[in-house]
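Input: a single structure, listed below in structure tokens.
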2 protein chains.
Amino acid sequence: MGQADLSGTVAVVIDVLRATTTITHAVANGADSIFPQLTIEDAKSQHASKPTALLGGERGGKRIEGFDLGNSPTEYSREVVSGKQILFTTTNGTKAMQACRAAETIYIASFVNLTALCNELAEHETIQIVCAGTEGEITREDVLLAGAIVDHLIDGAKSIECNDQAQIATDAWQEAKTGLTATSLAQRLKVSRGGRNVLRIGLEADIDIAATLDKFSVVPRLDPKTWEIRDSRNMGR
Amino acid sequence: MGQADLSGTVAVVIDVLRATTTITHAVANGADSIFPQLTIEDAKSQHASKPTALLGGERGGKRIEGFDLGNSPTEYSREVVSGKQILFTTTNGTKAMQACRAAETIYIASFVNLTALCNELAEHETIQIVCAGTEGEITREDVLLAGAIVDHLIDGAKSIECNDQAQIATDAWQEAKTGLTATSLAQRLKVSRGGRNVLRIGLEADIDIAATLDKFSVVPRLDPKTWEIRDSRNMGR
């Protein structure tokens, strides 16, 4: 986390509520590829050259006018997204991806594929975790997932070095992990800043979904060259 | 924490290792007043008009050439500081104080006077906690104290609203609090960024001292108008 130089590193982008959770659903449900777009205009202009692609994303949490899909994981069902390209833009998540543009590899992280993601991350030596946050401020839901990732990596590694932000995140996750259930995690996410924003627009179910651990075994990965997100298992290294 | 606008608010500055811990020792040991100075040059130029004042502080963790005192709490004993004015400059702590200049009141926080500080903070409605960190990055030792303060305030209050950073800090502190002893807290501080820096210069004992809870009942407060730190009990509101 932080403003570190990401050139050539392995980056992990977190926007639990909801961009990275939604992308993971899309990939798990057979989307061909997702193209993160910084602005609505970018998405629309890309759509001109990809007319069969779906337009997805949000502003103020809500589906963008003229778009096919919003930012709820349930909208990205197999029926809707299988085999499709998706142009996708959200308020904080796609910005965080953009901030990782210099990285060698960019992973898209969520609780719904935590173990699969961490198994793949364990193969890398140095990892930078980037929390999307809200309006430039770190948020609790993203920090909890960052801590969960570090905790998994510590469990599987002989030795691991963490910076202070990673230590703080792991402290916070350790606290959440005590007596952990999907309900207790969802409860924590609901009081976070991102959670309160999602509740405000009446999409509580999205938080429950985002708090479901290991629902999927896909690992969405964003190729910094092609700017496409696909299941890592279908991509070269 | 964060880059919030502090005008008119109650600010709490944390630089556990070691500026705010050291200042608390100085105040507890009867220093008349401490004047935080941003730069060595500022401290020296102020010294011209306050020739009896002691010069204290560090760069790279070490006592500054020509200064009377470094940044170790033990140097600020009653024999040395009682009745004295102190011009004080450190790498991160005095910068954090400067960042709070617009606040109405500025408290100087440390573990060594945690309960006394929180009792006084409980009288205020809105509190902004500012972690000094290191080179602009948040550090674990400061976040743990921030969490401890929030935890104390939650315990004593009917209801309290926290932003996400305060929630994360409280999560981290809850984890540290389980089975808490002075040794276990010191151990956590030693692996923090600030702790590693202090260990590197051979001052491990300073960390053990900083991890001692409630050694003092003074509450150092920095007056934004006079830019003097004194025991809050000897100041107007």
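Points worth noting:
- No other residue among A:A211, A:A182 is touching a helix residue (DSSP H, G or I) at 6+ places or on another chain (Cβ under 6 Å) and either within 21 Å of A:T74 (Cα to Cα) or in contact (Cβ under 8 Å) with a residue 60 or more places away in the chain (or both) apart from A:A211.
- Of all residues making up the stretch B:169-198, the number that are over 20 Å from the mean Cα position of the chain (by Cα) and within 8 Å of chain A (Cβ to nearest Cβ): 3
- A:V219 vs. criteria closer than 22 Å to A:N92 by Cα and more than 9 Å from every other protein chain (Cβ to nearest Cβ): yes
- Filter pass, A:G93 being crowded, with 24+ Cβ neighbours inside 10 Å, within 23 Å of A:V219 (Cα to Cα) and either over 17 Å from the mean Cα position of the chain (by Cα) or touching a residue at least 24 places away in the same chain (Cβ under 8 Å) (or both): yes
- Taking the criterion of being at pLDDT below 95 and within 15 Å of the chain's Cα centre (by Cα), the only residue of the stretch A:1-56 that qualifies is A:M1.
Table: residues versus (1) under 18 Å from A:I14 (Cα atoms); (2) assigned to a loop (DSSP other than H, G, I, E, B); (3) at pLDDT below 95.
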{"residue": "A:A176", "(1), (2), (3)": "yes, no, yes"}
{"residue": "A:L180", "(1), (2), (3)": "no, yes, yes"}
{"residue": "A:R188", "(1), (2), (3)": "yes, no, yes"}
{"residue": "A:D208", "(1), (2), (3)": "yes, no, no"}
{"residue": "A:D214", "(1), (2), (3)": "yes, yes, no"}
{"residue": "A:V218", "(1), (2), (3)": "yes, yes, no"}
{"residue": "A:L222", "(1), (2), (3)": "yes, no, no"}
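- Qualifying residues in the stretch B:136-176 (those that are charged (D, E, K, R) and closer than 19 Å to B:N119 by Cα) - the one surrounded by the most Cβ atoms within 10 Å (Cβ to Cβ): B:D151
Matching residues to (1) over 25 Å from B:N113 (Cβ atoms); (2) not in a strand (DSSP E or B):
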| site | (1), (2) |
| --- | --- |
| B:L6 | no, yes |
| B:A11 | no, no |
| B:V16 | no, yes |
| B:A26 | no, yes |
| B:A48 | yes, yes |
| B:L55 | no, no |
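- Residue, nearest to the other protein chains (Cβ to nearest Cβ), within the stretch B:136-162, restricted to residues that are in a loop (DSSP other than H, G, I, E, B) and touching a residue at least 24 places away in the same chain (Cβ under 8 Å): B:T139
- Complete set of residues in the stretch A:1-27 that are among the hydroxyl-bearing types (S, T, Y) and surrounded by 24 or more Cβ atoms within 10 Å (Cβ to Cβ): A:T20, A:T21, A:T22, A:T24
- Count - residues of the stretch B:108-135 that are crowded, with 24+ Cβ neighbours inside 10 Å, among the polar types (S, T, N, Q) and not in a helix (DSSP H, G or I): 1
- Take the conditions (1) buried (at least 18 other Cβ atoms within 10 Å of the Cβ); (2) in contact with a Lys or Arg (Cβ under 9 Å, 6 or more places away or on another chain); B:Y76 misses just one of them, which is (2).
- Of all residues making up the stretch B:28-46, the number that are assigned to a loop (DSSP other than H, G, I, E, B) and surrounded by fewer than 24 Cβ atoms within 10 Å (Cβ to Cβ): 5
The values are calculated or read from the model by the stated rules, or taken from the named source; none is laboratory data. Small disclaimer: the values here were computed from a predicted structure and weren't measured. Here Cβ is always computed from backbone atoms with ideal geometry, including for glycine, and neighbour counts include all displayed protein chains.
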